[in-house]
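Scroll down for the structure; my scribbles are underneath it.
The values are calculated or read from the model by the stated rules, or taken from the named source; none is laboratory data. Being a predicted model, the structure only gives us computed values, none of them experimental.
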Amino acid sequence: MSNGIAVGKTLYGFEIRERDERRNPDKPRDIKQLWSRSHEILRLDSLGYKGSEIAKILNISQQTVSKTLTSTLGQIKKSELRRARDDEYEELREEILKLTKKSLEVYNQILEKEDEPTKLKKDTADTVVLELSGLRVPTRVDSRMMHMNVTPEEIEEFKRRGIEAAKQSGQLVEVDNES
């Protein structure tokens, strides 16, 4: 245990390290180690970790993380990392655009051929309409949860509003009136 944190365990997928003893005035500072630690902080930041998470992962203080991220050198490095990430995304976007154009050409060829089976044409048209146009019902479900205390009257109001919305949309809904 170092500072109440179990060294050798993992946190957020990273191994927790020994306490950073660089502030010890009796111990000479290792510039390479400082530079390496700064790069680790910046890399974890670019991966989306919060300052407190970075501090726990590297077993350093939040002030060290904050000073590294807000320093001039840290800002320059963060800018470089963002630029590299943005360039990578731009290359990926261009590749997707090329593939999309090729796919549309294939869809057009299938739809324009007279001798193609009707089922293939229908499946192709469905793909174009639903997938490429964005009209397909999302298949990913957002599973975030919210907790709150509600009264029985509020629950009944939620039910009433849900039933009314279902009626307005034309859906049939069976509701069990037992709470």
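Listed values, structure above:
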read-out	value
Qualifying residues in the range 113-141 (those that are part of a helix (DSSP H, G or I) and hydrophobic (A, V, I, L, M, F, W, C)) - the one modelled with the highest pLDDT	LEU120
Filter pass, ILE110 being modelled with pLDDT of 80 or more, of a type in the set (Val, Ile, Thr) and either within 30 Å of GLU131 (Cα to Cα) or not in a strand (DSSP E or B) (or both)	no
